Structure formats: structure tokens, C-alpha cells
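What follows is a single structure, written as C-alpha cells, with notes after it.
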Amino acid sequence: MGDRIMIDLGAQEIRADATGFDSLANLHAKLSGYRQASLGIDSRHLGWIDAQLGACLLTIVNHSRMNGNDIQFFNIAPRIQTILQKNKTLVGTRADVHGTTIPVTSFSSVSEVDFSKFTRSRLMRPEMPRMSNGLKEKFFEGIDELFANGALWSKSPIPFFAGGQYFPRKDRLSFVLSDGGQGIQGSLLAAGKSFSDPVAAIDWAMEMNNSARQGDIPGGLGLGILKDFVAMNGGCLFVCSHLGYWESRNGRVTKRRLSGVYPGTVVSLEINTADAKSYHMQSAVNPYDIW
């Protein structure tokens with residue numbers, strides 16, 4: 001390791017919840033104090049990380065690399081190293097023999113078409129709940145809008161990262177998009193909408209027709225329709241943005257401030273694949289109604 005400065009990751013597990021993002025924010029805070037340094041992230045205490053959060057790890061690492069730092073991970077448990085190599089978070093060749101990973105992939109802010117192709121090809125798995133063609137199109141339009149909003153407002157200095165994981169034993173399909181930008185509160189402020197609290201800014205953005213876009217540019221669909229879908233599906237949607245955390249799980253909403261700043265905005269979609277219901281657009285007049 002030579003003269004490399006070692007930084008303790010400081011977490012025994014990192015899961016897709018508020019506690020997990022407290023840990024990620026803590027890592028970001030530790031790395032943010034260094035410039036032009038050779039850094040090592042000591043992961044010896046880490047016993048588990050949800051695979052889709054590799055997208056979030058790369059957001060944090062790339063922010064640090066923007067400061068001229070060289071970063072490597074050390075002392076990763078073999079099982080975790082295998083997981084993060086299978087989904088392309090870490091360099092290495094591990095075959096995904098079970099076909100459960102959605103590889104962590106980077107996108108520039110002008111890669112809307114590539115992102116749209118990526119989500120459709122990776123999320124339309126046999127395990128997905130049955131949707132009518134109309135709802136399926138609106139569902140993916142909602143995900144596309146998340147990317148478009150980030151491209152328009154986040155002012156991210158690094159690429160966007162997206163990835164996911166199918167957990168067959170838990171009947172869950174998880175997908176994450178992390179933009180690395182100025183956060184929802186900062187984006188809304190730039191659009192002339194001021195919120196004193198980051199959680200309140202997220203809460204406002206979660207309403208169906210709320211959008212910072214102006215004039216004839218459509219907006220306000222993405223988070224709203226995804227929120228309504230997962231509520232009926234029994235899944236989970238959460239948004240983490242700088243100091244704010246908002247989660248809807250099984251239709252129940254929880255909100256809180258994080259203990260530190262996560263660099264950017266993360267939207268995490270967790271779909272209940274055990275859901276046997278079929279979903280359709282209720283009305284062509286109101287395309288936001290799902291049943």
C-alpha cells in the first residue's frame with residue numbers, strides 16, 4: 001500500500017435504506033477532505049452491500065477523483081468482491097451465470113437515448129408484473145423523465161450511474177439511478193422554487209404534476225407515476241438527495257434528514273416480482289390513473 005492513505009469505510013453493511021445512505025454520506029465526507037492524494041478505502045468490516053448500490057459507490061468515488069485523488073478498495077470480502085465485479089462496479093471478470101444483475105453503467109447527460117434503451121432492455125424481465133402496453137409505455141416514460149430531469153437540472157460534474165439487481169429469494173427487482181449533481185433542493189432553487197428543508201423539496205417533487213420545467217416542456221410524471229405504481233405493487237420507491245431522504249414502502253411514506261450529504265440525487269425503484277396482479281391504464285383521458 002506504500003504511502004497510500006487508508007480510510008475506513010466504517011460500515012458493516014450498506015443496504016438500500018436510510019441507514020445505508022448515512023454510511024455512503026459518511027464515506028463521501030471522509031473522501032472530500034483530500035486533494036491530489038493516493039487513497040485506499042478499507043472495507044474489511046463490510047459484510048454486505050446491496051449490489052445495485054454499486055452505482056452510488058461509483059458516484060462517490062468519481063466525485064473524489066474529480067479532486068485529483070487516486071482511489072482503490074482494499075480488504076474486500078471475496079463474496080462482496082464477486083458481487084461487485086459481476087455487476088461491473090469493480091474491475092474484474094466474473095460471469096453472471098444466473099442472469100440476475102443489471103450491470104452498473106455510466107451515462108453522460110446527453111445520453112438519453114442510450115439510457116432509454118438500457119432501461120427497457122434490462123427491466124423488461126419475465127419477473128416483472130404484467131402491464132398493459134399503455135401502462136408499460138408510461139412506466140418507462142416515467143423512468144426516462146428521471147434521467148431527463150437530472151440532465152436538465154443536476155449540473156453534475158460526473159457521469160450518471162445506473163444499475164440494478166434481481167433478488168429471486170426476496171421476489172424483488174431493484175434499480176438505481178444516481179446523478180451526482182446539486183440535489184433536488186438545489187435544482188428547484190435554480191428554477192426559482194425555494195425550500196428551506198431538503199426533505200420538503202423532495203416531498204414537493206413527488207407530487208404527480210409538480211415540475212420545475214417551464215412553458216411547453218412536459219414534466220412531473222416520472223416520480224409521481226412510479227410512486228403510484230410501487231404503492232399498488234407492494235414495492236418501494238425512495239429518493240435520496242443531499243441531506244434529504246424520502247421513502248414510500250408498501251404505500252407508507254417516511255421522511256428524514258441524513259447525517260451527512262450524499263453527493264447528488266439517487267432514485268431507487270424496488271419492484272415486488274411476486275405481485276400476480278395485472279396493471280392497466282384506467283383512462284385514456286387521465287393517463288396517470290392505474291388499476
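Some values worked out for this structure:
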| item | result |
| --- | --- |
| Members of the range 218-275 that are among the acidic types (Asp, Glu) and in contact with a Gly (Cβ under 7 Å, 6 or more places away or on another chain) | GLU270, ASP275 |
| Any hit, the range 53-62, residues being farther than 26 Å from SER121 by Cβ, touching a residue at least 40 places away in the same chain (Cβ under 8 Å) and buried (at least 20 other Cβ atoms within 10 Å of the Cβ) | yes |
| Subset tally (residues that are farther than 23 Å from ILE76 by Cβ and either touching a Ser or Thr at 6+ places or on another chain (Cβ under 6 Å) or in a helix (DSSP H, G or I) (or both)) for the range 88-132 | 14 |
| Of residues in the range 29-83 being assigned to a strand (DSSP E or B) and within 20 Å of the chain's Cα centre (by Cα), the one nearest to LEU269 (Cα to Cα) | ILE49 |
| Of all residues in the range 219-278 being in contact with a Leu (Cβ under 6 Å, 6 or more places away or on another chain) and over 25 Å from ALA148 (Cβ atoms), the one that is surrounded by the most Cβ atoms within 10 Å (Cβ to Cβ) | LEU258 |
| Residue match in the range 172-184 (condition: among the charged types (D, E, K, R), in contact (Cβ under 8 Å) with a residue 12 or more places away in the chain and in a loop (DSSP other than H, G, I, E, B)) | yes |
| Of residues in the range 141-162 being touching a strand residue (DSSP E or B) at 6+ places or on another chain (Cβ under 7 Å) and assigned to a helix (DSSP H, G or I), the one modelled with the highest pLDDT | PHE147 |
| Number of the condition not met by MET6 [criteria: (1) within 23 Å of GLY180 (Cβ to Cβ); (2) outside any loop (DSSP other than H, G, I, E, B)] | (1) |
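The values are calculated or read from the model by the stated rules, or taken from the named source; none is laboratory data. None of the values given here were measured: they were computed from a predicted structure. Glycine also receives a Cβ, built like all others from the backbone with ideal geometry; neighbour counts cover every protein chain displayed.
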